[in-house]
1. Output ³J(HN,Hα) for region 10-22: one whole-Hz value per residue in order, computed from phi by the Karplus curve 6.51 cos²θ - 1.76 cosθ + 1.60 with θ = phi - 60°, and x for Gly and Pro.
2. Taking 2.2 N^0.38 Å as the expected size of a compact globular protein, what ratio does the Cα radius of gyration of region 221-346 give against it, to two decimals?
3. Starting from the Cα of residue 258, draw a straight line to each of the lysines and keep only those under 20 Å, dropping any in the same chain fewer than 8 residues away.
4. Specify the inter-centroid distance of region 332-372 and region 202-280, based on alpha-carbon positions, in whole Å.
5. Per residue of region 384-391, in order, report the coupling 6.51 cos²θ - 1.76 cosθ + 1.60 (Karplus, θ = phi - 60°) as ³J(HN,Hα) in whole Hz, putting x for Gly and Pro.
6. In deg cm²/dmol, rounded to 500, what helix-only [θ] at 222 nm does the chain give when every DSSP H run of at least 4 residues adds -39500 (n - 2.57) and the total is split over its residues?
7. Can you pull the Kirkwood radius for the chain, inverse mean 1/r over Cα pairs, to one decimal in Å?
8. If you restrict to DSSP beta bridges whose two residues both lie in region 64-185, what percentage is antiparallel, to the nearest 5?
Amino acid sequence: MADSDTGRQALSTIIDNNLGVFTDGRATTGQGPALDLIAPANGELIGTINEASEDQLDAAVASARRTFREASWAEDGDQRVQVLRRLADLVIDNAEQIAYLDGIEAGKVFAGSVAEDVEDVAANLRYCADLISRDDGRHLQGPDGWGWVRSVPIGIVGAILPWNYPIAMLGWKVAPALAAGNAMIIKPSEDSTLSALHFAGLAKEAGVPDGLFHVLIGTGANIGAVMGLHPDIDVLTFTGSGPVGRSFLESSARSNLKKVSLELGGRAAYIVDAEFASDFDAIAADIAGAAFGTSGQNCTAASRVIVVGDDDARFDEFRTALISAAEAVTVGDPFADGTDIGPVINVKARDRITAWVDEAVGKGARILNTRAEVPTAGTWYPPTVIEGVPDDSELGRGEIFGPLTQLLRRSTRAEAVAAINDEPFGLASSVWCEDLGTAKWWADRIRVGTLAINGYSEGTAATPFGGHRQSGFWGRDNGPEALDTYQETMTVWIAPN
């Protein structure tokens, strides 16, 4: 059993003192409505903290603007590099506290959070520090003069975070935005507030200037909507649902034409090219991690498995392997050793998943695996493999965002490509194909932001992440492309004498 005295202490500091706002270098109490924090593992109340008020948001934005103009942060690249590297070290030093907070509030598996999510934050901070440490601009000259093109920070970045990867998604936004020289206003999801508040204290400890980095707790309908309309926020970056993302584009048009970068989820497929797949057990195990990890609450989760080929015996063999892999997933206490997945985030999510599956089954779909027993307290849903889902069902056309994957079959590779490219979503997918030439054929035809070959992956801190079609709008997380979201180019041209 994972246990964390320091994690409980971090939780107590926030809850007992009602510290739902971090602004001007200190934690304070929100002046807005009370927000109950519920543990998805058991449905119990973690505590109550007050949201920020609109006045507190205005004050934070004004402070960020003032600090951005007056502090040396935007111009002193060496300072930013040093602070980001110190912050990365502090994040690793606080891995247990961060993972505990995300485990309690968002149901994240403690061990996985320590090993993956926290490490990812540090990797992004260090990668972005390295990027700016070697940026010397682009120099040009000609008969009409000489000059250079430099990247400059945009100003005030508003970041609205999702709940499924609370600390990891914070790192994806914070590392490039601070590296580029901006000030930041962070609004975590109301379902996963705690690790962002703890991180804010680490940012101060690392040397981020007071007034440059703010965290405000609040609902999307309150603080989030106001951020979208705020006339002095220059960039808004959002990871979440399509309808909310579209509302931010409307808010931009109605306010100051702020830049808006959206990552809006997807309906990822995992294609198994049966002609070039040798070990179905290994492939099925990889799919189980891709489909059920984080209880399927991942925008790149393998919510559809498409087997390509007409060999009935091979298809039956793969089906058996996939069922066995799903039944091997351990569902349980996020803090227990050996747990693979915990609960889904809340009652609303569990009930929606249940309703979608019940509708599909009512229309003829079949659940293939023996589903795990899950606790009655809290918000749990068992790993599920389902076949024969009708296209006219919610499950047949929507993003399930739960621990479920559909098994489908296509005769030809072209049909499988169409199943991905003809979707409105285009964030990510995977292909298992052990023939190099055919793997390139797949890569040349599938149109998604990230395509993983022979193993589920979202890439690294150095690879851009974002979607095609309705899975995203302008900008990328990760990679050098992430800096572009938070910078503008400026040309300096000097005429000859």
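1. 4, 4, 4, 4, 6, 6, 5, 9, 6, 9, x, 9, 10
2. 1.49
3. 173, 187
4. Cα centroid of region 332-372 versus Cα centroid of region 202-280: 26 Å apart.
5. Here the 3J(HN,Hα) series is 9, 10, 10, 10, x, 6, x, 5 Hz.
6. Working: 16 runs with 194 residues, N = 497.
That comes out to -12000 deg cm²/dmol.
7. Working: mean 1/r = 0.0425 Å⁻¹.
Result for the chain stands at 23.5 Å.
8. If I count the DSSP bridges inside region 64-185, around 60 percent turn out antiparallel.
Here, each number is a calculation from the coordinates, and none is a lab measurement. Everything numeric in this text was worked out from a predicted model, so none of it was measured. Cβ atoms come from the backbone with ideal geometry, glycine included; neighbour counts cover every protein chain shown.
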